[in-house]
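Novice: Mind looking over this structure? Questions follow.
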Amino acid sequence: MLNLSATLSVFKLFFNPSLCLPHSTVSNFSQLPIPLSRAFIRNEKAKEPDIRAVVLDKDDCFAIPHHNEIYKDYESTFRLLRETYPGRKLLIVSNSAGTTTEDPSGREASILEAATDVPVLRHSTKKPGCGAQIMSYFQQHSAETGVTHPSQIAIVGDRLLTDVMMANDMGAWGVWIKDGVVPEDKKSVFSKFEKKLHGYLTRRGYAPPTPQSPFE
Ligand SMILES: *[C@@H]1O[C@H](CO)[C@@H](O)[C@H](O)[C@H]1NC(C)=O
Ligand SMILES: [Mg+2]
């Protein structure tokens, strides 16, 4: 099946490879600095970005793929994240649970919400194509989230071509979970390819675009 949003992002990436590079990289979920704004300090002079909301990927980020619960070793980090970004400031955006194609009844999303106590976005376009849907969710609830601009959002995920690409495409910050929970020899060919691509691009001096805040 032709996925228009994925096709479009391949073109964007071809002309601008920096779009798949993260602003920060950690080995796994428990290594995330909290508050997440700390992940984006580049040098002493640069100001910490004003991160008001966080988007979490699920599979191989805080959960074993196809499991709708928090991986045991990550529970304390997850709790701290939920305390730091309460209510609608924390949002799960998965390409399985909550999508109209993989989870049309929303059953997976409901199970995940019950297990995590965090809202799961119901969306029709998969990552990296749902930046606008995410932005509209946070803005719709701006009284609670305080989000008025994508530069106030951090996206956390294990995939460069979906999670990180979406962050850059929407003008948000991206954190790459490089190793995650799935052992290296069991990773998909896509995720192995992404690691090679990351090395290739960074060795050639590519860097991610810095999200621009209109308020500074
Ligand atoms: C996460 O990464 C840290 C540091 O590399 C490591 O000590 C820890 O075992 C990892 N946790 C899991 C669950 O893989
Ligand atoms: Mg994932």
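The values are calculated or read from the model by the stated rules, or taken from the named source; none is laboratory data. Quantities reported herein were computed from a predicted structural model and do not represent experimental measurements. Reconstructed Cβ throughout: ideal geometry from the backbone, glycine too, with neighbour counts over all protein chains shown. Side chains are part of the model used for accessible areas, which takes the heavy atoms of the whole protein and leaves out ligands, DNA and RNA. Shrake-Rupley method; radii C 1.70, N 1.55, O 1.52, S 1.80 Å.
Novice: Quick one: in region 167-199, which of the residues that are of a type outside the set (S, T, N, Q), part of a helix (DSSP H, G or I) and within 12 Å of ligand 2 (Cβ to nearest atom) is farthest from PHE29 (Cα to Cα)?
Specialist: Narrowing region 167-199 to residues of a type outside the set (S, T, N, Q): 167, 169-187, 189-190, 192-199.
Checking the rest, the ones that are also part of a helix (DSSP H, G or I) come to 167, 169-170, 184-186, 189-190, 192-199.
Next, from what is left, pick out any that are within 12 Å of ligand 2 (Cβ to nearest atom): 190, 194.
Working: PHE190: 20, GLU194: 18 Å.
Among those that are of a type outside the set (S, T, N, Q), part of a helix (DSSP H, G or I) and within 12 Å of ligand 2 (Cβ to nearest atom), it is PHE190.
Novice: Show the residue pairs meeting these rules: Cβ distance below 7 Å; 6+ apart or different chains; first residue within region 55-69 and within 22 Å of ALA132 (Cβ to Cβ) and within 14 Å of ligand 1 (Cβ to nearest atom); second residue open to solvent by less than 10 Å² (accessible area, probe 1.4 Å) and modelled with pLDDT of 95 or more.
Specialist: CYS61/PHE29; CYS61/VAL156; CYS61/GLY157; CYS61/ILE177
Novice: Right, something else. For region 78-92, indicate whether the set of residues that are acidic (Asp, Glu) and surrounded by 15 or more Cβ atoms within 10 Å (Cβ to Cβ) is non-empty.
Specialist: Of the residues in region 78-92, the ones acidic (Asp, Glu) are 83.
Going one step further and asking which of them are surrounded by 15 or more Cβ atoms within 10 Å (Cβ to Cβ), we end up with none.
There is no residue in region 78-92 that is acidic (Asp, Glu) and surrounded by 15 or more Cβ atoms within 10 Å (Cβ to Cβ).
Novice: Can you go through GLY106, GLY98, GLY129 and tell me which one is in contact with an Asp or Glu (Cβ under 9 Å, 6 or more places away or on another chain) and away from ligand 2 (no atom under 15 Å from the Cβ)?
Specialist: Details: GLY106 fails: in contact with an Asp or Glu (Cβ under 9 Å, 6 or more places away or on another chain); GLY98 fails: away from ligand 2 (no atom under 15 Å from the Cβ).
Among GLY106, GLY98, GLY129, only GLY129 is in contact with an Asp or Glu (Cβ under 9 Å, 6 or more places away or on another chain) and away from ligand 2 (no atom under 15 Å from the Cβ).
Novice: Filter region 42-64 down to residues that are under 18 Å from the mean Cα position of the chain (by Cα) and open to solvent by 40 Å² or more (accessible area, probe 1.4 Å) and give me whichever is farthest from ligand 2 (Cβ to nearest atom).
Specialist: Result: ASP50.
Novice: Tally time: how many residues in region 132-158 are touching a residue at least 12 places away in the same chain (Cβ under 8 Å) and farther than 17 Å from PRO208 by Cα? Before you say what the answer is, go through the steps one by one.
Specialist: Residues of region 132-158 that are touching a residue at least 12 places away in the same chain (Cβ under 8 Å), as a first pass: 132-135, 137-138, 141, 144-147, 149-158.
Next cut, farther than 17 Å from PRO208 by Cα only: 132-135, 137-138, 141, 144-147, 149.
Adding up the residues that qualify gives 12.
Novice: Regarding THR162, is this residue out of contact with any strand residue (DSSP E or B) (no Cβ under 6 Å at 6 or more places or on another chain), within 19 Å of CYS20 (Cα to Cα) and assigned to a helix (DSSP H, G or I)?
Specialist: Values: out of contact with any strand residue (DSSP E or B) (no Cβ under 6 Å at 6 or more places or on another chain): yes; within 19 Å of CYS20 (Cα to Cα): yes; assigned to a helix (DSSP H, G or I): yes.
Criteria met by THR162.
Novice: Here are some conditions: (1) modelled with pLDDT of 95 or more; (2) of a type outside the set (Asp, Glu); (3) crowded, with 17+ Cβ neighbours inside 10 Å. SER9 meets all but one. Which one does it not meet?
Specialist: If we test SER9 against (1) modelled with pLDDT of 95 or more; (2) of a type outside the set (Asp, Glu); (3) crowded, with 17+ Cβ neighbours inside 10 Å, just (1) comes out false.
Novice: Also: Would you check which residues across region 14-31 are open to solvent by 10 Å² or more (accessible area, probe 1.4 Å) and closer than 27 Å to VAL181 by Cα and list them?
Specialist: Within region 14-31, PRO17, SER18, LEU19, PRO22, HIS23, SER24, THR25, VAL26, SER27, ASN28, SER30, GLN31 meet the criteria.
Novice: Taking ARG38 and the conditions (1) more than 15 Å from the chain's Cα centre (by Cα); (2) under 22 Å from SER213 (Cα atoms); (3) open to solvent by less than 80 Å² (accessible area, probe 1.4 Å), which numbered condition does it fall short on, given that it satisfies the others?
Specialist: (3)
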